[in-house]
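The values are calculated or read from the model by the stated rules, or taken from the named source; none is laboratory data. Quick caveat: nothing in here was measured; it's all calculated off a predicted structure. FYI the Cβ positions are ideal-geometry reconstructions off the backbone, even for glycines, and counts take in every protein chain you see. Note: areas computed on protein heavy atoms with side chains; ligands, DNA, RNA excluded. Shrake-Rupley method; radii C 1.70, N 1.55, O 1.52, S 1.80 Å.
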Amino acid sequence: MTAPLLSIRDLRVRFRTGDGVLEAVKGLDLDIAPGETVAIVGESGSGKSQTAHAVMGLVAANGWAEGSVRYRGDELVGLAPAELNRYRGSRLAMIFQEPMTSLDPLYRIGDQIALPLTTHAGMSRRDARRRVLELLALVRIANPERRLRSYPHELSGGQRQRVMIAMAIANKPDLLIADEPTTALDVTVQARILELLADLQRRLGMAILFITHDLGIVRRFAERTYVMQHGVVVESGATADIFVRPRHPYTRRLIEAEPRGRKAPPEAGAPTVLEAKDVRVAFPLRSAFLSRGRHEIRAVDGVDLAVRAGETVGVVGESGSGKSTLGRAVLKLVPAAGMIRFEDRSLAPLDRAGMRPLRRELQIVFQDPYGSLSPRMTAGEIVTEGLLVHEPAIPRAERDRRAAQAFEEVRLDPAGRNRFPHEFSGGQRQRIAIARAMILHPKLVVLDEPTSALDRSVQSDMIELLRDLQVAHRLAYVFISHDLAVVRALSDRILVMKDGRVVETGSTDEILERPREAYTQELVAAAALAEQGPAASG
């Protein structure tokens, strides 16, 4: 029998918190053979990401790992950072869940990809640049010469994830740990990233440890699967066997979980909360400095949007289609041309000071919860931050009471409000971000991929919560998502965007059941494939 590439025995990961010691991983055993693909699945908070962090020696400062993690027989637990660096980036590499927080916003992506090459491989700057161009081409980023000079914010979500993959494979590692690498991507880009990872695995012969809550991906991609719940592996085995004959009730619940039901339609005659016409957002290209002609990217190009009280308008499209930029434009978070009206007020002439009183009524939940939560504030302080601005006179005790209430509304234990963001899972952080927006009782909320980091069972709870809040407060939602199953459950109407334009719009049923445009048909077909999830071949 081939010796395992990675062997984990009795792994335990613990954190010191304000409420005592939290045990995130409780005695995990796991093996990965050379060239094998293994998945760890489970709900948010199950311990799957903390397992990956422990393997890489990246447990947060208030935590520690115990047990054994052996790479080709070498023990990694307890090694000093300098010793671990002999393995990290060269033999063991990791793609993180949230690429925007993993990429330094101050450095061009070419410099960031070159770092592991100069650090671990000792390449010269010239050789490293040549290798960076090869890697960008390998991960199928168009125009690599231009893109290596780009900053992270100038790339779409899918492009940023490809950059993370390029960094991870720069030194041809034996093991790639992929922590939710497709979570924030639309279904067509997700399919391309998975195809890319499979192709790179064949070329480089590397093993992959895939961390995800998306069971459709697991069925297509992994040979063996470990199912985690509350820090414990409750079931493991060949992926095909687990999905055909799940033994544990928790595994069966995960497989059966799916967003269900439909939201109630808005009231007849409900007033229009937001109306936008001919919205345009253009970003100048950095290479255009002192050059002739017009050099810009039209991220949003002549889009109309209207949302009534109690209505949800879903906005779908591939990464880079302009859907997130549209959401920010209607809230005046990026400069935009065109008409934007909130209730009876035109937002166009308002400057930052003029918009401040309206910010309470116009809220946004961002796609990347970790990047929008201050690491220096407790969860409770984050949730009540808006109250300090809009209700500065309320006493501290009342703010804390409302923080506890907001935690309960988003299905989080109020006792956890004294913990810091890094002590929560990705899904729990997203719920904190939603609580921060909802505590102000806004009239319009732009929800930018609010469920992308959540497993299916938690997604269902969150959809129900968003529906309940919408009915109770007659909220208008602009719901931006790549997940068409969630869009179906939450939206009344859908806008389909491509290259900054709306290519098709209509009721949810019309768009998802009878799409007219070829682009929309491609999105719907990719979503159907993801839900079908054909079994992976061993």
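Quick notes on this structure:
- Answer residue from segment 445-469, given it is hydrophobic (A, V, I, L, M, F, W, C) and over 15 Å from residue 485 (Cβ atoms) and is nearest to the chain's Cα centre (by Cα) among those: 453
- A search for C-beta distances below 6 Å between a residue of segment 315-335 that is more than 20 Å from residue 351 (Cβ to Cβ) and any residue that is open to solvent by 10 Å² or more (accessible area, probe 1.4 Å) and among the small types (Gly, Ala, Ser), counting only pairs 6+ apart in sequence or on different chains, returns 319/156; 319/157; 320/156; 322/299; 325/299.
- Candidates 143, 171 - the one that is surrounded by fewer than 24 Cβ atoms within 10 Å (Cβ to Cβ), of a type in the set (S, T, N, Q) and in contact (Cβ under 8 Å) with a residue 12 or more places away in the chain: 171
- Verdict on residue 280 being among the basic types (Lys, Arg), part of a strand (DSSP E or B) and either surrounded by fewer than 21 Cβ atoms within 10 Å (Cβ to Cβ) or modelled with pLDDT of 95 or more (or both): yes
- The set of residues in segment 381-428 that are basic (Lys, Arg) and in contact with a Leu (Cβ under 6 Å, 6 or more places away or on another chain) contains only 399.
- If you check 485, 526, 518, 489 for being over 17 Å from residue 463 (Cβ atoms) and either under 21 Å from the mean Cα position of the chain (by Cα) or open to solvent by less than 20 Å² (accessible area, probe 1.4 Å) (or both), only one passes: 526.
- Any hit, segment 261-269, residues being hydrophobic (A, V, I, L, M, F, W, C), in contact with a helix residue (DSSP H, G or I) (Cβ under 9 Å, 6 or more places away or on another chain) and surrounded by fewer than 16 Cβ atoms within 10 Å (Cβ to Cβ): yes
Rundown of residues vs (1) part of a helix (DSSP H, G or I); (2) touching a Gly at 6+ places or on another chain (Cβ under 8 Å); (3) touching a residue at least 40 places away in the same chain (Cβ under 8 Å), yes/no style:
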| position | (1), (2), (3) |
| --- | --- |
| 131 | yes, no, no |
| 153 | yes, no, yes |
| 159 | yes, yes, yes |
| 177 | no, no, yes |
| 193 | yes, yes, no |
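- All positions within segment 70-106 that are of a type in the set (Asp, Glu) and farther than 17 Å from residue 51 by Cβ: 74, 83, 98, 104
- Scanning segment 208-219 for residues that are buried (at least 21 other Cβ atoms within 10 Å of the Cβ) and not aromatic (Phe, Trp, Tyr) turns up 208, 209, 211, 212, 213, 214, 215, 217, 218, 219.
- Top-ranked residue in segment 107-124 [being modelled with pLDDT of 90 or more and surrounded by fewer than 16 Cβ atoms within 10 Å (Cβ to Cβ); ranked as nearest to residue 55 (Cα to Cα)]: 107
- Once segment 249-277 is narrowed to residues that are modelled with pLDDT under 95 and of a type in the set (Asp, Glu), the residue that is farthest from the chain's Cα centre (by Cα) is 267.
- All positions within segment 153-163 that are aliphatic (A, V, I, L, M) and surrounded by fewer than 24 Cβ atoms within 10 Å (Cβ to Cβ): 155
- Number of residues in segment 89-106 that are touching a residue at least 60 places away in the same chain (Cβ under 8 Å) and open to solvent by 50 Å² or more (accessible area, probe 1.4 Å) equals 4.
- Residue that is in contact (Cβ under 8 Å) with a residue 40 or more places away in the chain, open to solvent by less than 60 Å² (accessible area, probe 1.4 Å) and at positive phi, where the choices are 423, 449: 449
- Checklist (1) in a loop (DSSP other than H, G, I, E, B); (2) open to solvent by less than 20 Å² (accessible area, probe 1.4 Å) applied to residue 34, failing item: (2)
- Selected residue [part of a strand (DSSP E or B), free of Cβ contacts under 8 Å to residues at least 60 places away in the same chain and not β-branched (Val, Ile, Thr)] from 86, 70, 12: 12
- Selected residue [of a type in the set (Val, Ile, Thr) and more than 29 Å from residue 21 (Cα to Cα)] from 410, 445: 445
- Number of the condition not met by residue 149 [criteria: (1) charged (D, E, K, R); (2) part of a helix (DSSP H, G or I); (3) open to solvent by 30 Å² or more (accessible area, probe 1.4 Å)]: (2)
- Candidates 27, 42, 67 - the one that is at pLDDT below 95 and either crowded, with 16+ Cβ neighbours inside 10 Å or more than 22 Å from residue 95 (Cα to Cα) (or both): 42
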